[in-house]
Amino acid sequence: MNWFRDFLLPPGASTHVGEMDGLFMFITWLTVFFFFFNGGLIFYAVRRWRRRSAKEVTPHITHDTRLELVWSLIPLAVVMLIFLWGFKGYVKAWVAPNDAMEILATGKKWVWEFEYPDGTRTLNDLHVPVNRPVKLVLTSEDVIHSFFIPEFRLKRDAIPGRYTELWFTATEPGIKQVYCTEYCGKGHSDMLARIFVDTPEQYETFLREGDEQVRKMPLKELGRLVWENKGCATCHSLDGTRGQGPSWKGIWNQTHRGADGGEHRVNADYIRQSILTPQAVVVQGFEPIMPTYQGLLREREILGLIEFIKELQ
Ligand code: HEC
Ligand SMILES: [Cu+2]
């Protein structure tokens, strides 16, 4: 009867599928059975005990204890079975295994932002390795959203000020659609994220070079994104105001004096060195507090930062 399941449900692609589909089909077939069984009984009774003549008097029946027990206890047993089966699947779906990789998913009008263990962030595109347990910690920045992956048979609300979780192990490489299933305003139906289930090699490439967005975005835009997302913005302003670090406005091609008294022209090499080994030259008048970004930024992101700073006149 697989054709019936395939007709009702999208193809399954996570380790939760077996349990969820089993219970779903059990309830569906149970409903089909009782639809015909009860319907049949009604037709039988209507025919069997119909009034045959105008003079016939209907006998006065109050109840039948045996029958009442049968139609109470059998449904109770069936409902208990459904409850236990469902509860088992529920617990399994919400309690992630300890070795699950943890990704933070934040819903906001009207995108999903994902943050990986190494600090990488992506918008709307979530990359996960195939056959490895992944735990999503969901939250929201504004209103309630809901993260629904039909092919994984999973759905969980993202609630502002709270963390909810769901986890899965994707069983085949490919792209899966994610829907927001809590009405969240004008852009609700455009709040479409995708899960890229990567082979181990694809996932390595993603971690090293970034997703599609990082690989294709114009360098200047990428630079601004890094400034915003990787913490540069907390110390470096773009408008000339002095923060914990010097503002980036107009520094391109200027000559800066280091704490050691040496003079340095702000060019691509200087910026690259400032990012990877910030203590090599400490700008005069500032504390040596900038953390190194060695290993935290991709080559293309460093190029992006250089282009971005170049433009800030
Ligand atoms: C905790 C604060 C802090 C963060 C975060 C930070 N910086 Fe810095 N940065 C500084 C300080 C302080 C200086 C000046 C002292 C020095 O050169 O080490 C500086 C200097 C620089 C300079 C040289 C500026 C000049 O005027 O000569 C560059 C370029 C730079 N940072 C880039 C970055 C980039 C890119 C990021 C993010 C990926 C970043 N910084 C994150 C504090 C920070
Ligand atoms: Cu939403």
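For region 1-21, the tally of residues that are in contact (Cβ under 8 Å) with a residue 24 or more places away in the chain and not hydrophobic (A, V, I, L, M, F, W, C) stands at 8. Of all the numbered requirements in (1) in contact (Cβ under 8 Å) with a residue 40 or more places away in the chain; (2) under 30 Å from Arg208 (Cβ atoms); (3) not charged (D, E, K, R), Pro117 misses one, and that requirement is (1). What residue, of Arg162, Arg132, Arg153, is more than 15 Å from ligand 2 (Cβ to nearest atom), farther than 24 Å from Met20 by Cβ and open to solvent by 30 Å² or more (accessible area, probe 1.4 Å)? Within the list Arg162, Arg132, Arg153, the selection yields Arg162. Screening the candidates Glu165, Glu221, Glu182, Glu204 for the property of being within 16 Å of ligand 1 (Cβ to nearest atom), at negative phi and of a type in the set (D, E, K, R) yields one hit, Glu221. For Ile289, the test of being assigned to a helix (DSSP H, G or I), more than 33 Å from the chain's Cα centre (by Cα) and either free of Cβ contacts under 8 Å to residues at least 24 places away in the same chain or more than 16 Å from ligand 2 (Cβ to nearest atom) (or both) is failed.
Residues checked against (1) free of Cβ contacts under 8 Å to residues at least 12 places away in the same chain; (2) charged (D, E, K, R); (3) away from ligand 2 (no atom under 16 Å from the Cβ):
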residue: Val178; (1), (2), (3): no, no, no
residue: Ser189; (1), (2), (3): yes, no, no
residue: Arg194; (1), (2), (3): no, yes, no
residue: Arg208; (1), (2), (3): no, yes, yes
residue: Ser237; (1), (2), (3): no, no, yes
residue: Gly245; (1), (2), (3): no, no, yes
residue: Trp248; (1), (2), (3): no, no, yes
residue: Ile251; (1), (2), (3): no, no, yes
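Checked against the criteria, Ile149 counts as modelled with pLDDT of 90 or more, in contact with a strand residue (DSSP E or B) (Cβ under 6 Å, 6 or more places away or on another chain) and more than 30 Å from Leu305 (Cα to Cα).
Just need a number here: residues in region 168-192 that are in a strand (DSSP E or B) and either of a type in the set (Val, Ile, Thr) or open to solvent by 20 Å² or more (accessible area, probe 1.4 Å) (or both). Summing the residues that are in a strand (DSSP E or B) and either of a type in the set (Val, Ile, Thr) or open to solvent by 20 Å² or more (accessible area, probe 1.4 Å) (or both) in region 168-192 gives 6.
Criterion applied to Gln284, Gln313, Gln279 was being open to solvent by 40 Å² or more (accessible area, probe 1.4 Å), touching a strand residue (DSSP E or B) at 6+ places or on another chain (Cβ under 7 Å) and more than 18 Å from Glu209 (Cβ to Cβ), and the one residue passing it is Gln284. Can you confirm whether Phe36 is closer than 30 Å to Pro173 by Cβ and without any contact (Cβ under 8 Å) to a residue 40 or more places away in the chain? Judged against the criteria, Phe36 is not a match. At least 1 residues being in contact with an Asp or Glu (Cβ under 6 Å, 6 or more places away or on another chain) is the threshold, and among the strands (runs of 3 or more DSSP E) wholly inside region 77-139 those reaching it are 101-108, 121-123, 125-129.
The values are calculated or read from the model by the stated rules, or taken from the named source; none is laboratory data. Bear in mind that the values here come from a model prediction, so they are computed numbers and not experimental data. Reconstructed Cβ throughout: ideal geometry from the backbone, glycine too, with neighbour counts over all protein chains shown. For the accessible areas, the whole protein counts, side chains as well, though only heavy atoms, and no ligand, DNA or RNA atoms are used. Shrake-Rupley method; radii C 1.70, N 1.55, O 1.52, S 1.80 Å.
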